[in-house]
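What follows is a set of notes on a single structure, which appears directly below.
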Amino acid sequence: MALSDPRVAFGDASPGGPAPVAVSVRPHPGAAAVPAAPAPAGGLEGPLVDRYGRVHDDLRISVTDRCNLRCVYCMPEEDMTFLPRAELLSFEEIARLGRVARALGVTSVRLTGGEPLVRRNLVDLVALLAGIGFADLSLTTNATLLAPLARPLAEAGLTRVNVSCDSLRPERFAAIRRRGDLATVLGAMDAAEAAGLAPLKVNVVVLRGENDDEVLDFARFARETGRVVRFIEFMPLDAGGHWERDRLVPGAEVAATIGAHFPLVPLGGHDAAPAERFAFADGRGEVGFISSVTQPFCGACNRLRLTADGAIRNCLFSDDELSVRDVMRAGGSDEAVADVLRAAVGAKHPGHAINEPGFLAPRRSMSMIGG
Ligand code: SAM
Ligand code: SF4
């Protein structure tokens, strides 16, 4: 199906997927914390199912809030205040949480940040997590430090990487990411594939008037390299609070632009990542659309997040958090840690409410939560 009508493309893409859940009307009043333990204690047994039947088997782990870049849509301020190191979870604490999560049915883990590769000895954490036995253990990175680490990471048990790259033009890449350079990132993609970290996904945040004229270049890139390019809508999660809806390019618009040149066929449903997936009709490659703002996929959400300072968040856009670090450092048992995960899942709202009038951007930005 050609994507001349994006509504058709998106509306028909996931016939067998989970039933849609209405987006809640839920302003963020500020510091409201999830109630201490709304879910009954259940030892170390899963699965983690919320009030809407969503099974949570995907855990995003932020290993640091620091970064060596300053992307305009993420860290627009040059001077960022980062967490004191003592507040970060140790690798042992992260692995302990990972073991409990695995017992509760989590099968997929993605390491993120901030920039995960600026955390020293990350390979050691990958080895610890790989020993737990997740079906999928992946990493999202800006790839500036990836090339020399690709093979050690793969040997430690990493299965895949997602590389963020918002432009294929060197000057523009530098303007959007504000540090680092395109050649290094492209070289790192090659190194990752050579190390067996495949299929490689490329994340592109599409910004109106900044890189939206490169959509077709990225489609060609996907076709020529076999890398899965995912177009992401700009979300109200930048550290500077400068998000404006006008800067966002809807995924449907990107899909229509690509579909008019290279017909696309929906692959059906969302993959483990939230992208709506499409193959090129001639069989040469794949693209995805992460349209969190204009096409919320909350009804299919299967993820939990662990922030670098040890808070469990049940939604990128919710300020509700529970500290698993405090439970661990107070001598809590694995069952008590499991109760925190269950409580977070039990308190999850049906949707992120970005499009509701009372919506307030969350207090923590993407780089602090872990995107
Ligand atoms: N530093 C790594 C990187 O850039 O890939 C991992 C962390 S970064 C927060 C994870 C993903 O979030 C990246 O693909 C980045 O482009 C995306 N991202 C950051 N801020 C965003 C925003 N305000 N809206 C949409 N995506 C954003
Ligand atoms: Fe750093 Fe990633 Fe945020 Fe860019 S998107 S500033 S690379 S954390």
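The values are calculated or read from the model by the stated rules, or taken from the named source; none is laboratory data. Since this is a predicted model, take the numbers as computed values, not measurements. Here the Cβ positions follow ideal geometry from the backbone for every residue, glycine too, while neighbour counts run over all protein chains shown.
Tabulated data
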quantity	calculated
Set Gly105, Gly113, Gly180: member being surrounded by 16 or more Cβ atoms within 10 Å (Cβ to Cβ), touching a strand residue (DSSP E or B) at 6+ places or on another chain (Cβ under 9 Å) and of a type outside the set (Val, Ile, Thr)	Gly113
Hits in the stretch 238-280 - residues which are closer than 20 Å to Ser167 by Cβ and among the aliphatic types (A, V, I, L, M)	Leu248, Val249, Val254, Ala255, Ile258, Ala275
Residue check for Ala338: of a type outside the set (D, E, K, R) and more than 19 Å from Phe82 (Cα to Cα)	yes
Scan of the stretch 220-267 for residues that are charged (D, E, K, R) and away from ligand 1 (no atom under 13 Å from the Cβ), ordered by number	Arg220, Arg223, Glu224, Arg227, Asp246, Glu253
Any pair with Cβ under 9 angstrom, 6 or more apart, that starts in the stretch 107-119 at a residue that is free of Cβ contacts under 8 Å to residues at least 40 places away in the same chain and within 16 Å of Ser90 (Cα to Cα) and ends at one that is within 10 Å of ligand 2 (Cβ to nearest atom) and not in a loop (DSSP other than H, G, I, E, B)	Leu117/Thr141
Qualifying residue in the stretch 270-288 (condition: among the acidic types (Asp, Glu) and closer than 30 Å to Val345 by Cα)	yes
Filtered residue count, the stretch 60-94, keeping only those that are away from ligand 1 (no atom under 16 Å from the Cβ), in contact with a Gly (Cβ under 8 Å, 6 or more places away or on another chain) and not charged (D, E, K, R)	1
Ala260 being part of a strand (DSSP E or B), at negative phi and surrounded by fewer than 18 Cβ atoms within 10 Å (Cβ to Cβ)	no
Looking only at the stretch 120-149, and only at residues there that are within 16 Å of ligand 1 (Cβ to nearest atom) and in contact (Cβ under 8 Å) with a residue 60 or more places away in the chain, the one that is surrounded by the most Cβ atoms within 10 Å (Cβ to Cβ)	Asn142
Any hit, the stretch 33-56, residues being farther than 15 Å from Asn314 by Cα, modelled with pLDDT under 85, within 16 Å of ligand 2 (Cβ to nearest atom) and out of contact with any Leu (no Cβ under 7 Å at 6 or more places or on another chain)	no
Residue in the stretch 60-73 that is out of contact with any Phe, Trp or Tyr (no Cβ under 7 Å at 6 or more places or on another chain), of a type in the set (Asp, Glu) and in a loop (DSSP other than H, G, I, E, B) present	no
Test: residue in the stretch 160-179 that is within 16 Å of ligand 1 (Cβ to nearest atom), within 18 Å of the chain's Cα centre (by Cα), among the small types (Gly, Ala, Ser) and on the phi < 0 side of the Ramachandran plot	yes
All positions within the stretch 209-219 that are away from ligand 1 (no atom under 13 Å from the Cβ), in a loop (DSSP other than H, G, I, E, B) and touching a strand residue (DSSP E or B) at 6+ places or on another chain (Cβ under 9 Å)	none
Elements of type strands (runs of 3 or more DSSP E) in the stretch 282-324, at least 1 residues being in contact (Cβ under 8 Å) with a residue 12 or more places away in the chain and over 24 Å from Val215 (Cβ atoms)	303-306, 311-313, 321-323
The stretch 83-121, residues that are within 16 Å of ligand 2 (Cβ to nearest atom) and in a helix (DSSP H, G or I)	Pro116, Leu117, Val118
